[in-house]
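No value in this document is a laboratory result; all are computed from the given coordinates. Everything quoted here is computed from the prediction, not taken from an experiment. Counting neighbours? That spans all protein chains shown, and the Cβs are built from the backbone with ideal geometry, glycine included.
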Amino acid sequence: MREMALGVDAEYSSRMHDLVSYGEVFADIYDDLYGGVSTEGIDLLVELSGSGRRALELGIGTGRIALPLAGRGVEVHGVDASPAMVARLRQKPNGERIPVAIGDFAELGSIQGPPST
């Protein structure tokens with residue numbers, strides 16, 4: 001099996017396929033389904049980011065949380081398994097400014113290399 005030859009177990013490979021497939025199916029309609037985040041929610045996340053004003057968003061997707069946080073001065077980095085979801089983020093104003101690593105955030109240790117921008 002190719003996955004085993006590459007040192008990736010079959011279960012992890014299957015989970016990544018499911019996560020990537022999810023993004024391919026929902027990327028174009030995700031924002032319509034889930035909308036934005038309330039001002040109160042963003043206010044709370046800004047407060048929780050602390051004096052360093054930094055946040056890591058696991059499952060950054062289309063940026064519906066990351067972009068408002070970045071707009072409020074928080075340095076946001078993200079992880080997402082779906083290139084299609086991240087592509088939607090990149091299409092939005094200032095979406096290209098948020099560093100995103102592609103990978104399964106449940107396996108953070110397996111994500112290698114610098115985040116893509």
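Residue-wise, which Karplus ³J(HN,Hα) couplings in Hz belong to the range 66-82, taking 6.51 cos²θ - 1.76 cosθ + 1.60, θ = phi - 60°, and x for glycine or proline?
4, 5, x, 5, 4, x, 9, x, 8, 7, 9, 10, x, 9, 8, 7, 9
Tell me, what is the FRET efficiency for residue 22 and residue 97 to the nearest 0.05, using R0 = 22 angstrom and their Cβ-Cβ distance as r?
Efficiency, rounded to the nearest 0.05: 0.30.
Counting pairs of alpha carbon atoms under 8 Å apart in space and at least six apart in sequence, what relative contact order in percent does the range 19-94 give?
Values: 91 pairs, mean separation 30.6, N = 76.
Relative contact order for the range 19-94 comes out at 40 percent.
What is the gain in length, in nm to one decimal, between residue 31 and residue 44 on full extension, counting 0.36 nm per residue of separation less the C-alpha to C-alpha distance?
Taking residue 31 through residue 44 to full extension adds about 2.6 nm, to one decimal.
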